[in-house]
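Chemist: One structure, as structure tokens, below. Some questions next.
The values are calculated or read from the model by the stated rules, or taken from the named source; none is laboratory data. Predicted model only: the values in this text are computed from it and were never measured. With ideal geometry, Cβ positions are generated from the backbone for all residues, glycine too; neighbour counts draw on all protein chains shown. Ligands, DNA and RNA are stripped out before the accessible areas are found, and what is left, the full protein with its side chains, is counted by its heavy atoms. Shrake-Rupley method; radii C 1.70, N 1.55, O 1.52, S 1.80 Å.
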Amino acid sequence: MNKNEIFATRVSRNVPLSQHSSYEIGGNAPYFAQPETPEELQQLLAACKERDLQPFLFGMGTNLLFPDQPGDNTLYITLKKIDQCRLSDGNRLFVGAGMPLSLLALSGYQAGIPDYEFTHLLPGTLGAGVYINAKYGEGQMNRILHTVYYLDMSEADPEVRSLPAEECGFAYKTSVFQQHPWLIVGTELAATGKDQTVFAELSDMLVRWRKWGGGSALPSFYDFIMEEVRELTKNGQSLPKRMEDIHQYRVAKKHFEFPSCGSVFKNNYDFGRPVGALVDELELKGLAYGGAVISPYHGNMILNVNHAAAADVLYLIRQVQDAVNKSYGFVPEPEVGIVST
Ligand SMILES: Cc1cc2nc3c(=O)[nH]c(=O)nc-3n(C[C@H](O)[C@H](O)[C@H](O)COP(=O)(O)OP(=O)(O)OC[C@H]3O[C@@H](n4cnc5c(N)ncnc54)[C@H](O)[C@@H]3O)c2cc1C
């Protein structure tokens with residue numbers, strides 16, 4: 001299909017962004033598309049240029065605050081259907097940007113790869129995980145990558161390019177992809193010698209995930225993963241302790257009970273104490289505005305408890321920033337992407 005046909009068949013009008021956000025917040029996108037291959041994505045980007053539309057690219061919307069009233073000129077494009085995985089030359093595993101990151105932990109468990117455990121119950125897609133260098137404890141995306149494949153959207157006709165992981169500028173919640181209009185379409189994972197087993201498990205799980213309906217709602221994501229866990233452990237096996245600990249931590253912090261974006265702020269390692277602890281000390285936990293509340297369970301989370309608007313969350317973000325600045329002398333940097341188009 002050419003770009004006009006792709007635009008005609010893949011683009012929908014007036015799609016509620018709240019349905020593509022773990023915050024369940026966001027007004028109607030004037031234009032919305034879910035391409036299924038990098039080629040379709042390239043055609044959509046070309047169609048945007050021709051129509052003077054601004055593309056906004058994202059994954060599962062678990063680290064974003066969409067606007068209450070999106071502008072008229074934006075084509076919102078989610079990559080969550082570009083999730084194909086395959087074995088490339090030398091049996092290295094290629095995984096599409098849209099694959100749910102958390103499936104790595106489960107397939108890694110079956111193949112015996114502890115390095116993937118940190119992705120257990122981590123919502124969101126692999127591509128965004130690379131973009132933000134997602135982490136949990138000591139586990140971090142850059143440690144499991146070999147090569148990242150991306151499109152440079154500043155090019156007139158972007159071709160897929162590649163970058164070795166060590167050249168991706170990875171640091172705490174940072175990558176080179178935040179500094180350029182570079183869109184990750186997939187990655188090759190670092191070789192483990194068990195790539196064929198992971199590939200087989202991931203492929204099967206992806207089929208079940210698609211049947212499940214994918215989606216961005218946290219309770220549904222949690223239910224899917226727990227169903228997979230039940231199946232994997234039905235003969236009496238147990239998950240590795242680290243995965244069990246992650247599960248317990250996330251349940252205790254109510255990660256899947258209320259719509260949220262996870263941690264709202266990056267931690268300031270120069271200051272030395274996590275933002276959540278400072279919010280706790282300032283007694284801001286439980287502060288509510290509109291339908292949003294600073295989580296009583298974790299100071300670095302703002303929950304949507306009652307049909308919150310983006311404006312409610314933004315108000316609380318500013319409250320935390322002002323209070324932390326006043327008492328500790330720095331303004332916490334949002335980790336959540338605040339979308340204004
Ligand atoms: C309950 C909960 C718990 C969480 N726990 C953790 C945690 O433990 N550790 C952690 O690191 N994060 C955590 N997060 C945040 C989130 O899960 C990660 O940041 C995840 O990687 C976001 O994936 P996504 O597909 O939803 O990204 P989105 O929210 O869709 O996008 C996030 C950003 O990435 C960009 N982006 C998305 N896809 C691409 C791509 N293919 N190429 C280039 N840029 C792209 C978007 O433009 C946007 O700026 C948590 C979130 C929630 C809701």
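Chemist: Taking Val185 as the residue in question, decide whether it is under 30 Å from Pro114 (Cβ atoms), aliphatic (A, V, I, L, M) and at pLDDT below 95.
Modeler: no
Chemist: Related question: Which pairs do you get when a residue that is touching a residue at least 60 places away in the same chain (Cβ under 8 Å), found in region 35-58, comes within reach of a residue that is charged (D, E, K, R), reach meaning Cβ atoms under 6 angstrom, with the pair 6+ apart or on two chains?
Modeler: Short answer, once both residue conditions are applied: Ala46/Lys3.
Chemist: Return a yes/no flag: does region 234-244 have any residue that is within 26 Å of Tyr23 (Cβ to Cβ) and open to solvent by 60 Å² or more (accessible area, probe 1.4 Å).
Modeler: Within region 234-244, not a single residue is within 26 Å of Tyr23 (Cβ to Cβ) and open to solvent by 60 Å² or more (accessible area, probe 1.4 Å).
Chemist: Which one is nearest to the ligand (Cβ to nearest atom), of the residues in region 132-143 that are open to solvent by less than 20 Å² (accessible area, probe 1.4 Å) and in a loop (DSSP other than H, G, I, E, B)?
Modeler: Per the stated criteria, the residue is Ala134.
Chemist: Here's something else I'd like to know. Of these, Leu104, Leu75, Leu57, which one is hydrophobic (A, V, I, L, M, F, W, C) and farther than 28 Å from Pro16 by Cα?
Modeler: Leu104
Chemist: When you scan region 83-99, how many residues do you find that are modelled with pLDDT of 90 or more and either in contact with a strand residue (DSSP E or B) (Cβ under 6 Å, 6 or more places away or on another chain) or away from the ligand (no atom under 16 Å from the Cβ) (or both)?
Modeler: Count: 11.
Chemist: Right, here's the next one. Every residue in region 308-330 that is outside any helix (DSSP H, G or I) and more than 22 Å from Lys253 (Cβ to Cβ), please.
Modeler: Answer for region 308-330, where residues must be outside any helix (DSSP H, G or I) and more than 22 Å from Lys253 (Cβ to Cβ): Ala309, Gly329, Phe330.
Chemist: Also, quick follow-up: Pairs needed: first member in region 226-245, within 17 Å of Leu202 (Cβ to Cβ); second member anywhere, surrounded by fewer than 12 Cβ atoms within 10 Å (Cβ to Cβ) and small (Gly, Ala, Ser); C-beta distance under 9 Å; at least 6 residues apart or different chains.
Modeler: Between residues of region 226-245 that are within 17 Å of Leu202 (Cβ to Cβ) and residues that are surrounded by fewer than 12 Cβ atoms within 10 Å (Cβ to Cβ) and small (Gly, Ala, Ser), there is no close pair.
Chemist: Within region 315-327, which residues are closer than 19 Å to Asn63 by Cβ and crowded, with 19+ Cβ neighbours inside 10 Å?
Modeler: Leu316, Ile317, Val320
Chemist: I've got another one for you. Within region 100-131, which residues are farther than 20 Å from Lys241 by Cα and either open to solvent by less than 20 Å² (accessible area, probe 1.4 Å) or modelled with pLDDT under 95 (or both)?
Modeler: Across region 100-131, the qualifying residues are Pro100, Gly124, Thr125, Leu126, Gly127, Gly129, Val130.
Chemist: Taking the options Arg250, Arg242, Arg230, name whichever one is more than 16 Å from the ligand (Cβ to nearest atom), out of contact with any Cys (no Cβ under 7 Å at 6 or more places or on another chain) and modelled with pLDDT of 95 or more.
Modeler: Arg230
Chemist: Of all the strands (runs of 3 or more DSSP E) wholly in region 9-93, which have at least 2 residues that are open to solvent by 20 Å² or more (accessible area, probe 1.4 Å)?
Modeler: Once the strands (runs of 3 or more DSSP E) in region 9-93 are filtered for at least 2 residues that are open to solvent by 20 Å² or more (accessible area, probe 1.4 Å), what remains is 11-16, 28-33, 54-58, 85-87.
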